[in-house]
Amino acid sequence: MTPSGPAASRTLHPPADYRLAASVRALTFSPYDPCARLAAGTFWWATRTPAGPATLALRPAGGELVAEGYGPGADWVVERADAVAGLRDDLTGFADLATAHPVVARLAAQHRGLRMPATGQIFPRLLRAVFEQKVTGKEAYRAYAATVRHFREPAPGPLPPLLLPPEPAAVAVTPYWVFHPFGVEQRRAETLRRAAAAADRLERCVDAAEATRRLTAIAGIGPWTAAEVVRIAYGDPDAVSVGDYHIPNTVAWALAGEPRGDDARMLALLEPFRGHRGRVCVLLEAAGIQAPRYGPRAPIRSFARF
């Protein structure tokens, strides 16, 4: 092992139809995510672990998947590599449920290599989810990337150069006005600070249900944010992002041919898939299904000048 080589490694054995890029794409916030990215077929993921900073590399090799860990937390990320890759995703019962609707059955077959990852970590996904509250994707990414770079801490490992997610304790004590130039108004900044202050308790949650209860007890965090977090942290296949601007329309269009739907209609259409309702939404997104668009798109705003 060279000085820049992995501190830990492991070979995983995914099913023959497994698709790495499709499975881990949910862990990236654009191709330019400072903390995670796909490069030349390898997935790189930087994070903080109980043992210290780490970077995980997942590299396909002849039908297998090589997991390599770098940094003090290398053993931790390598031990969890199969979960991060989505290989612990439990599809029990979904094949039978999918037959309830021809669109879901078709997508389940077409995207059978897509697995839902489970990072085992709440705060990194919570950071992103708070910034995504009620703004455009571009606004959210700009705030997220600027925040990660503000707390800039290089991740261990070789290229590509990655940064670690911010330390929750550092975020908790950062005044809200620091986030203002990043396009984050006081409401979201204070929500993030409260969440960061509670990060230690959140990371000790034993399952998605407990995490959802604790998350929604924090002012500024509702069902949408909690679902976005537990779907990634725990790989919860039933987590539905109630309160989303687009998802109810997408579900109504895909499953009922209706161009618009509210949360109640979305949940009614997803009810036959209970236990895997979030998985159905993931499949619709993977297939690129969108309801017809009406009216102008939401403008991208800047709070920096205010």
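So here's what we get for this one:
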{"quantity": "Sites Ala39 and Arg213 - FRET efficiency at Förster radius 45 Å, r taken between beta-carbons, to 0.05", "calculated": "0.75"}
{"quantity": "Rounded to whole Hz, the Karplus (6.51, -1.76, 1.60) HN-Hα couplings of segment 113-121, x for glycine and proline", "calculated": "x, 8, 10, 8, x, 9, 7, x, 10"}
{"quantity": "Protein-only accessible surface order, largest first, of Arg279, Arg48 at 1.4 Å", "calculated": "Arg48, Arg279"}
{"quantity": "Probe 1.4 Å, accessible area per residue of the chain, Å²", "calculated": "46"}
{"quantity": "Within the chain, helix-based [θ] at 222 nm, where runs of 4 or more DSSP H residues each add -39,500 (n - 2.57), nearest 500", "calculated": "-11000 deg cm²/dmol"}
{"quantity": "Heavy atoms of Trp253: accessible area, 1.4 Å probe, square angstrom to 10", "calculated": "100"}
{"quantity": "Note, ³J(HN,Hα) from phi for segment 271-283, Karplus 6.51, -1.76, 1.60, rounded to Hz, x at Gly and Pro", "calculated": "4, x, 10, 3, x, 9, 5, x, 5, 4, 4, 4, 5"}
{"quantity": "Heavy atoms of Phe151: accessible area, 1.4 Å probe, square angstrom to 10", "calculated": "40"}
{"quantity": "Residue-level accessible surface for Tyr144, protein heavy atoms, 1.4 Å, Å²", "calculated": "20"}
{"quantity": "Cut-off under 5 Å, modelled amide H: who pairs with Arg115 long-range", "calculated": "Arg19, Ser23"}
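The values are calculated or read from the model by the stated rules, or taken from the named source; none is laboratory data. All figures in this text were calculated on a predicted structure; none of them were measured in a lab. All Cβ positions, glycine included, derive from the backbone under ideal geometry; neighbour counts span all protein chains shown. Note: accessible area is taken over every heavy atom of the protein model, side chains too, but ligands, DNA and RNA are not part of it. Shrake-Rupley method; radii C 1.70, N 1.55, O 1.52, S 1.80 Å.
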